[in-house]
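Below is one structure; the comments refer to it alone.
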Amino acid sequence: MENRGYTKDGSVDLRGRRVVAAETGRWKACGFLVGYEAFERMAFYGVAANLVVYLTTELHEDTVSSVRNVNNWSGSVWMTPIIGAFIADTYLGRFWTFTISSLIYVMGMVLLTAAVSFKPFHPKCTASNGSLCPTSSKEIAFFYLSLYIMAIGAGGTKPNISTFGADQFDDFDPYERKLKTSFFNWWMFSSFTGGLMATLGLVYVQENVGWGLGYGIPTAGLILSLLLFYIGTPFYRHKVKKAESPMKEICNVIKTALENRQYEVSDDSKLLYEVEQQQYLRTAKRQLHHSSSFKFLDKAALKESTNPCTVTEVETTKLFFGMFLVWLTTLVPTTIFAQVNTLFVKQGTTLSRTLGHSFQIPAASLGSFITISMLLAVPIYDKYFVPFMRRRTGNPRGITLLQRLGIGFCSIILVMVVAYFVERKRMDAIARYGIHGAKQTVPMSIFWLLPQYVLLGVGDVFTAIGLLEFFYDQSPEGMQSLGTTFFTSGIGIGNFMNSLLVTSVDKITRSGGGKSWIGDNLNDSHLDYYYAFLIVLSSVNWVVFVWIAKRYAYKNEVVDGASENRAVQMEEKSMDAHQIDNYLEEKL
C-alpha cells in the first residue's frame, strides 16, 4: 500500500525517480506545455501566413516560385519531425530532444528577424527609374538559411511537445484516462489561439508597421514561453524507455515473416507464439490481442518456426502498417489545406480589401477565421457533440477516430466546392468589368472568401485534431513520438505535393501557348479549373479512405488479464471491477 500514491504506468521525474500521481502531471503540468504551444504557433503562423506576400513584394519572386518556395519550406517544417521523433524514441527521450530543438528553433527566429530588419541583410532602396533594387543572392541565401534553421528546430519540437503533454496522463488510471480524452481537443485549441494572434495581429503589423517588428514580437513570445516551460520541470512526468528501438522490432517481424513465407497460416491464434502474461506485467509493457489483418505477418509468430516473434510484436507491426495506409489518405486533404497560405492568400490580394474609409485588410488575415471558427467549434464538439453521440453509440469518444476523420475529409471536399464557386463569381466580375491587369483590384469584397475559411476551421475539429489523436492513440507502445510524425509528415508531404501540382499544372497548361491556370496574373488565369481538379482528387481520396477505414483493425490491448471480449474494440479501455475498486480506493 506504500506505493499507492505513485503513478501506475511507472512514470518518473527527470532524475529517474518514480513520481507521485497527485503532485505531478495532469493539467498542472500541461498548463506550461499548452502555453508554449500557443506562442510557438504564433511564431510559426506569423511567418507562414504571410510568407508568400513577403516573397512576392520584398524578394520579388513570381507567383509560381513563391507558392513553390512556401510549400517546400512548410513541407520541410512538417517532415523534419520524423528525425526528431526517431531521436526522441530511440536515444534522448522527448524532454531533452525538445529542449535542444527549441533552442535551434529560437535561433532560426532570431536570424529571421535580423534578415528582415537590418540593412546589411535586407537593404531597402529604389533605383533611378523608380523600380525596386533587385535582392542580392547573399540576402536571399541568409533569409532562406534562417527559415530552414527554424525548420530543423521544428523537427524536434513538433513531434515531442504534444506527446510529452499526453504523457502527463496515466493510461492505467481511469480518472486520468478520462481527462486525457479531452487533452488533444484543448491542445489544438491553444495551437489555434496562437495562430489567431498571428493572422489577426502579426500580419497587419508586418504589412503596415514593419516586417522586423512583425517577426520580432513572436520571437520574444517564443523565448518567454520556453522560460515558462522550464519553470514547470518539477511537475513533469517522463515515460520509462522499455525497448531499445521500436523500429528494430518491426523490422525483425517483417524479416522473420519473409523467412517463413513457405509456411501456411492458420486462423487458430493458439498456434502462434506468445510469452506468459506475467512477463508483460513484470516489465509494465502492454500485451496486444491477435487480429486478422495483414495475415502474412502472422508467419513471424508461428511456433513451428525458428526464433518466432511474439503475437504482440506482430500486432505492433500490423498497427504500423494500418496507420501507414490511413496516412496515405491524409495526403490529399493536407494538399488542400496548403492552399490557405498560398493560393487563397494570392486570390485575396486581387479582391477589394478596404474596410471603412482607409483601413485595408491584409489578405492573410482571413486565415484568422479558420482559427475563430475552430475555437468556437471545439467547445461545442467537446461539451455537446461528444456527450450526445456517446449516449447513442456507447463510445467514450462519441464516434470512432476513423469516423471523425471521415467527416473531416468530407468537409474538405465541401471547402473546395465552395472555393470553386467563389472563384467562378470572381471571374464573372473580372469579365463584367473588363479587368485584365495583374495589379487591378476586382470590385468584389474579400469577405466572399470567408465561407471557405470558416468551413476549414470547423472541418479541422474533425480532421486536424482527429489525425493527431488517431496517430497518438494507435501508435505502438514506445513509438508515440514517431507515430505522431504520421500526422506532421502528412502535412509536410501535402505541402510538397501542392508545390509539385502547382508547378506541373502551370507548366502543362502553358504548353502550346495556352493560358496558365495559375499564372502571375490571377486576373487572367483559370484558378477555377485548378480548384475543380482538387474537388475530383479529394472525392476519389475520400472513397479510398472509406474502403481502408472499414478494414482497419484498432489497437486491442489486454487489460489486467481480461479475456479478449473485455478488451476495448471501440478505442477506449472500459473499467472492469478490479479497476473500479482501485479507482475508488485511490479516491477515498
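The values are calculated or read from the model by the stated rules, or taken from the named source; none is laboratory data. Note that the coordinates shown come from a computational prediction; the quantities given were computed from them, not determined experimentally. No Cβ is skipped: glycine too gets one built from the backbone with ideal geometry, and neighbour counts run over all protein chains shown. These accessible areas exclude ligands, DNA and RNA; they are computed on the full protein's heavy atoms, side chains included. Shrake-Rupley method; radii C 1.70, N 1.55, O 1.52, S 1.80 Å.
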Check off (1) part of a helix (DSSP H, G or I); (2) among the basic types (Lys, Arg); (3) open to solvent by less than 60 Å² (accessible area, probe 1.4 Å); (4) more than 14 Å from Gln347 (Cβ to Cβ) for Arg426 and give me the number that stays unchecked.
(4)
Out of all the residues in segment 260-281, is one or more at pLDDT below 85 and aromatic (Phe, Trp, Tyr)?
yes
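Please go through segment 22-43 and pick out each residue that is among the hydrophobic types (A, V, I, L, M, F, W, C) and either open to solvent by less than 10 Å² (accessible area, probe 1.4 Å) or in a strand (DSSP E or B) (or both). Steps first, answer last, please.
As a first pass, look at segment 22-43 and keep what is among the hydrophobic types (A, V, I, L, M, F, W, C): 22, 27, 29-30, 32-34, 38-39, 42-43.
Matches in segment 22-43: Ala29, Cys30, Leu33, Ala43.
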Of everything in segment 150-189 that's surrounded by fewer than 20 Cβ atoms within 10 Å (Cβ to Cβ) and among the hydroxyl-bearing types (Ser, Thr, Tyr), which residue is farthest from the chain's Cα centre (by Cα)?
Tyr175
Restricting to segment 280-295, what's the tally of residues that are open to solvent by 80 Å² or more (accessible area, probe 1.4 Å) and closer than 12 Å to Val558 by Cβ?
1
Checking the structure you have, find out if any residue of segment 190-197 is over 25 Å from Phe486 (Cα atoms) and more than 18 Å from the chain's Cα centre (by Cα).
yes
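Does Tyr263 count as in contact with a strand residue (DSSP E or B) (Cβ under 6 Å, 6 or more places away or on another chain) and either open to solvent by less than 50 Å² (accessible area, probe 1.4 Å) or without any contact (Cβ under 8 Å) to a residue 60 or more places away in the chain (or both)? Let's see the steps before the verdict.
Values: in contact with a strand residue (DSSP E or B) (Cβ under 6 Å, 6 or more places away or on another chain): yes; either open to solvent by less than 50 Å² (accessible area, probe 1.4 Å) or without any contact (Cβ under 8 Å) to a residue 60 or more places away in the chain (or both): yes.
Criteria met by Tyr263.
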Restricting to segment 522-558, name every residue that is basic (Lys, Arg) and loosely packed, with under 14 Cβ neighbours inside 10 Å.
Lys550, Arg551
Which numbered condition in (1) under 30 Å from Glu477 (Cβ atoms); (2) assigned to a loop (DSSP other than H, G, I, E, B) is the only one that His60 fails?
(1)
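Any chance you could count how many residues in segment 239-259 are at pLDDT 80 or above, within 20 Å of Tyr91 (Cβ to Cβ) and open to solvent by 80 Å² or more (accessible area, probe 1.4 Å)? Break it down stepwise before answering.
Residues of segment 239-259 at pLDDT 80 or above: 239, 248-259.
When the remaining residues are screened for being within 20 Å of Tyr91 (Cβ to Cβ), the result is 239, 248-252.
Now restrict to residues that are open to solvent by 80 Å² or more (accessible area, probe 1.4 Å): 248.
Qualifying residue count for the region: 1.
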Flagged pairs (Cβ under 9 angstrom, 6 or more apart or on separate chains; first in segment 383-405, over 15 Å from Val461 (Cβ atoms); second open to solvent by less than 10 Å² (accessible area, probe 1.4 Å) and of a type in the set (Phe, Trp, Tyr)) are Leu402/Phe470; Leu402/Phe545
I'd like to check something: does segment 66-75 contain any residue that is without any contact (Cβ under 8 Å) to a residue 12 or more places away in the chain, assigned to a helix (DSSP H, G or I) and farther than 22 Å from Ile223 by Cα?
no
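Mind checking which helices (runs of 4 or more DSSP H) fall wholly inside segment 296-363 and carry at least 3 residues that are open to solvent by 40 Å² or more (accessible area, probe 1.4 Å)? Explain how you work it out, then say what you get.
Details: elements: 311-328, 331-337, 343-349.
It comes to 311-328.
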Selection from segment 59-102 of residues buried (at least 24 other Cβ atoms within 10 Å of the Cβ), under 16 Å from the mean Cα position of the chain (by Cα) and either farther than 26 Å from Phe142 by Cα or modelled with pLDDT of 90 or more (or both) yields Ala85
May I ask you to list pairs of residues, at least six apart or on different chains, whose Cβ atoms are under 9 Å apart, with the first in segment 501-517 being more than 20 Å from Ala438 (Cα to Cα) and the second being in a helix (DSSP H, G or I)?
Leu501/Thr335; Leu501/Tyr530; Leu501/Phe533; Leu501/Leu534; Leu501/Leu537
